[in-house]
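*Asks:* Structure provided below as structure tokens; questions to follow.
Here, each number is a calculation from the coordinates, and none is a lab measurement. Just so it is clear, the structure is predicted and the values come from calculations on it, not from any experiment. Because the Cβ atoms are built from the backbone with ideal geometry, glycine has one as well, and the counts that use them run over all protein chains shown.
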Amino acid sequence: MTETPIRELLSRAVGDGPPPGIQLPVDDVLFRNARVLRRRRIGQTLATVAALGGVAGLALFLPGRPPAALPAAPVVLPSTTMPPPPTGPPPPTGPSTDYQVRALALMDRLVAAVPRGYTLPNQDSVPGPGDSSYSLRDTAWRNPSRPGKDMYSASVEVQLDGRAAVLSVRVTDWVPSGVPTTGDLCATRVNSDEQSCRVVTATNGTPVRVGSWSPVTGSVDEATYVTGGVMITFYQGGQPRPGVYALGRAVLPDRQIADLITDPALLP
């Protein structure tokens, strides 16, 4: 009901006279009716705003608030997907040659080269005088914590009739300047103890230098082969220790020595 029909009804009521005990001035009634209508319109407006935009939409209808003070709309960034980590083996970080594996394989070659009739130790060492010990089997190889001239090496003691000798092979990338590599291999003495030198041809046709000398423990042979900046050395000689005499003769013949140290499998 609008304000005009209400005024007409009240005018008639005033003309007829109000009911007993009721005093309703027309202006007061109109003022109250207008205030009720105004509150109703505001309530409807607020309900509509809340349905459309929530609190942010309501701020648009509030008087006296500048547009710059309104909360900014949230910024939605496009989603990004990180690429998967690379797969596969890691890049190499050191030398590709595993010297430990080569040292163990060299030990197997030495053991396999021992002639029939010789005995091999079943332990790596035996006690010596005091706190010392005698090595019977030994392998060594170069690594960051144990640098050295030899890349890898192996040695083993063999016995015959209670007498002992040692066989060893060393592979190194350090070649002394006095070691001949071409021409007459016996032209220069390599070891100060050398008493004789001979050149032995391996089965594959490779010449090998073999120097010999004779200490009190019996004959000693040392063969050297140099190729591509790598020197391979073979040694055999008597090894006495308490209760065991030194073997006074060679264990391996010259040709077998030459074939052993010219094996391409020994090269790094």
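*Asks:* Note down the nm distance, to one decimal, between modelled labels 7 Å out along Cα→Cβ at S125 and at N204.
*Replies:* In this crude spin-label approximation the distance works out to 3.5 nm.
*Asks:* Mind giving me the FRET efficiency for D98 and V216? R0 is 35 Å, r the Cβ-Cβ distance, nearest 0.05 is fine.
*Replies:* 0.30
*Asks:* Also, quick follow-up: Counting other Cβ atoms within 10 Å, which chymotrypsin sites (Phe, Trp or Tyr not before Pro) in segment 148-223 have at most 12 and lie in a DSSP loop?
*Replies:* Loop-located and lightly packed - W174.
*Asks:* At 0.36 nm per residue, minus the direct Cα-Cα distance, what do A187 and Q256 gain on full extension? Give it in nm, one decimal, please.
*Replies:* 22.5 nm
*Asks:* Whole-Hz Karplus ³J(HN,Hα) for segment 123-139, in order, using 6.51 cos²θ - 1.76 cosθ + 1.60 and θ = phi - 60°, x for Gly and Pro?
*Replies:* 9, 7, 7, 10, x, x, x, x, 9, 7, 8, 10, 7, 9, 9, 8, 10
*Asks:* Under 20 Å from a label point 7 Å along Cα→Cβ of Y235: give me every residue in segment 196-221 with its amide N that close.
*Replies:* 196-198, 208-221
*Asks:* Still on this structure, please answer the following. Kindly write out, for segment 103-115 in residue order, the coupling ³J(HN,Hα) from the Karplus curve 6.51 cos²θ - 1.76 cosθ + 1.60 (θ = phi - 60°), rounded to whole Hz, with x marking Gly and Pro.
*Replies:* Values, residue by residue: 4, 5, 5, 5, 4, 4, 5, 4, 4, 5, 7, 5, x Hz.
*Asks:* Of all trypsin sites (Lys or Arg not before Pro) in segment 95-162, which ones are in loop regions per DSSP and have a Cβ with at most 10 other Cβ atoms within 10 Å?
*Replies:* Here the trypsin sites (Lys or Arg not before Pro) that fit, given the DSSP loop and packing criteria, are R116.
*Asks:* Quick one: 3J(HN,Hα) in Hz for segment 150-167, Karplus 6.51/-1.76/1.60 with θ = phi - 60°, rounded, Gly and Pro as x.
*Replies:* Working through the residues one at a time gives 7, 6, 6, 7, 8, 8, 8, 8, 10, 10, 9, 6, x, 10, 10, 9, 10, 10 Hz.
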